[in-house]
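**Student:** One structure, as structure tokens, below. Some questions next.
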Amino acid sequence: YLELGDTLKAEKAFRESYRIALMYDNQRALASSYDHLGVIEFSKGHIDTAMSYYWRSLSISELIGAGQSISETCYHIGYLYHHEKQYDSAAYYLNKGLAVAIAIQDYYTLDNYYEELAGVYEDQGKLDSALFYQKKLQQVRDTLFNMNKSNIVGEMRTELENERRQTEIAVLKEQDEKKNLIIYASIALGILLLSLVILAYNRYLVKKRSAVILEKQNAEIQEKKEIIEEKNKDITDSIRYAKRIQNAILPSDDHMHSLFPESWCFFLPMDFVSVDFYCFEKES
């Protein structure tokens, strides 16, 4: 939603994310929610509110050592300071986040950092520093280009290798067919009628034996299939019975709503039965 420009839906989603993260004390998700809420507030022109969210996000990220979150939030803080023409503060937080991005080898974030730092120093008139980061920006973009190119080349090599193998298989198959034709023709011309009769009779015996073996194997497969189906039925029946037991144990929604009118329960077993049991009781 944020990338599509739908700020209202994006804000609603991130506030729900914040609520859930707070409920389960998920600090990493909480830091991410604060950071994105800051981005939304900045897009609406609420600079002070955006900065307040960024500080909260950065504080949590540094506390839990979440490198990716630190990198992203420092970039947003630096971008905000740059927007407000507070160049020294912008450079401080951009360089701070850059060090983290380098440490975790986040090349895609490095692209943003180098570009933003080049802009900050250019606006300050520090052209040497701006040129330095422009060169860094070009280097990281070249790295990203080479990484993508390597992936493409690797895929092309794999495709070509597969085509080569298919061609080799086709050639070998054709050669085998030609060899078989030569052998059969030599036998037809070099063997007497009696030999041909014996050969035909032997082939008949081989086919008959193969048919007997195949029939036996099919019978064994069918027997095993029936056993498996019966066991699957027993297992499924047991699971369904367990589901009925679980449904009988779990408290009803009506009872829950009678005690907690505005409550809800998200209960979604993977298949039939869940390993989760919840309960509550009203104390007298």
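The values are calculated or read from the model by the stated rules, or taken from the named source; none is laboratory data. Predicted model only: the values in this text are computed from it and were never measured. Cβ coordinates were reconstructed from backbone atoms using ideal geometry, including for glycine residues, and neighbour counts include every protein chain displayed. When the accessible area is computed, the model is the full protein with side chains, heavy atoms only, and any ligands, DNA or RNA have been set aside. Shrake-Rupley method; radii C 1.70, N 1.55, O 1.52, S 1.80 Å.
**Student:** Can you give the local net charge around Ile60? Use residues other than it whose beta-carbon is closer than 14 angstrom to its beta-carbon, Lys and Arg +1, Asp and Glu -1. The partial results should precede the final answer.
**Tutor:** Working: positive: Arg28, Arg56; negative: Asp25, Asp35, Glu62, Glu72.
Overall, the nearby charge balance is -2.
**Student:** May I ask for the angle, rounded to the nearest 10°, between helix 127-190 and the longest principal axis of the chain, with both axes built from Cα atoms and the value confined to 0 to 90°?
**Tutor:** Compared with the principal axis, the helix lies near 10 degrees.
**Student:** Another question about this same structure. Using θ = phi - 60° and the Karplus form 6.51 cos²θ - 1.76 cosθ + 1.60, what ³J(HN,Hα) does each residue of the range 41-54 get, whole Hz, x for Gly and Pro?
**Tutor:** 5, 5, 5, 8, x, 8, 5, 4, 5, 4, 5, 4, 5, 4
**Student:** Angle check, please: helix 107-124 long axis (alpha carbons) against the longest principal axis of the chain (alpha carbons), in degrees 0 to 90, nearest 10.
**Tutor:** Taking the Cα atoms of the chain, the angle to 107-124 is about 30 degrees.
**Student:** Can you bin the range 151-272 into rounded, prolate or oblate? Criterion: square roots of the alpha carbon gyration tensor eigenvalues sorted a ≥ b ≥ c, rounded for a/c under 1.5, prolate for a/b above b/c, oblate for the rest.
**Tutor:** Details: a/c = 11.58, a/b = 2.06, b/c = 5.63.
Cα axes put the range 151-272 in the oblate bin.
**Student:** For the range 78-94, take each phi angle, set θ = phi - 60°, evaluate the Karplus expression 6.51 cos²θ - 1.76 cosθ + 1.60, and give the result in whole Hz per residue in order, putting x for glycine and proline.
**Tutor:** x, 5, 5, 4, 4, 4, 8, 6, 9, 5, 5, 5, 4, 5, 4, 6, 5
**Student:** Next question, about the same structure. Cα convex hull of the chain: mean projected area in nm², to one decimal? Each step should come with its number before you reach the end.
**Tutor:** Numbers: hull surface 122.4 nm².
Over every viewing direction, the Cα hull of the chain projects on average to 30.6 nm².
**Student:** Taking all protein chains as present, what is the carbon and sulfur share of the accessible area of the range 48-131, in % to the nearest whole number, probe 1.4 Å?
**Tutor:** Details: 2000 of 4140 Å².
Accessible surface attributable to carbon and sulfur in the range 48-131 totals 48 percent.
**Student:** Would you please give the FRET efficiency between Thr49 and Phe267, computed as 1/(1 + (r/R0)^6) with r the Cβ-Cβ distance and R0 = 35 Å, to the nearest 0.05?
**Tutor:** Values: r = 37 Å, r/R0 = 1.06.
It comes to 0.40.
**Student:** How large is the helix-only mean residue ellipticity at 222 nm for the chain, computed as the sum of -39500 (n - 2.57) over DSSP H runs with n ≥ 4, divided by its residue count, in deg cm²/dmol to the nearest 500? Don't jump to the answer; show the numbers that get you there.
**Tutor:** Values: 9 runs with 232 residues, N = 284.
Value at 222 nm, helices only, nearest 500: -29000 deg cm²/dmol.
**Student:** What is the P(r) of the range 1-153, as percent of Cα-Cα pairs per 5 Å bin from 0?
**Tutor:** Calculated over all Cα pairs of the range 1-153, the distribution is 2, 10, 17, 19, 18, 15, 11, 6, 2, 0 percent.
**Student:** Let me ask something additional. How much net charge surrounds Arg28 when only other residues with a Cβ under 14 Å from its Cβ are counted (Lys, Arg +1; Asp, Glu -1)?
**Tutor:** Working: positive: Arg56; negative: Asp25, Asp35, Glu62, Glu72.
Residues close to Arg28 contribute a combined charge of -3.
**Student:** In nm, give the distance between the simple-model label positions of Phe280 and Ile228, each being 7 Å from the Cα along the Cα-to-Cβ direction.
**Tutor:** 4.6 nm
**Student:** Quick check on the range 215-284: take the gyration tensor over C-alpha atoms, sort the square-rooted eigenvalues as a ≥ b ≥ c, and tell me if it's rounded (a/c under 1.5), prolate or oblate.
**Tutor:** Values: a/c = 6.19, a/b = 4.27, b/c = 1.45.
It comes out prolate by the Cα gyration axes.
**Student:** With the cut-off at 1.5 for a/c, could you classify the range 79-135 from its C-alpha gyration tensor as rounded, prolate or oblate?
**Tutor:** Details: a/c = 2.21, a/b = 1.41, b/c = 1.57.
Since a/c reaches 1.5 but b/c is at least a/b, the shape of the range 79-135 is classed as oblate.
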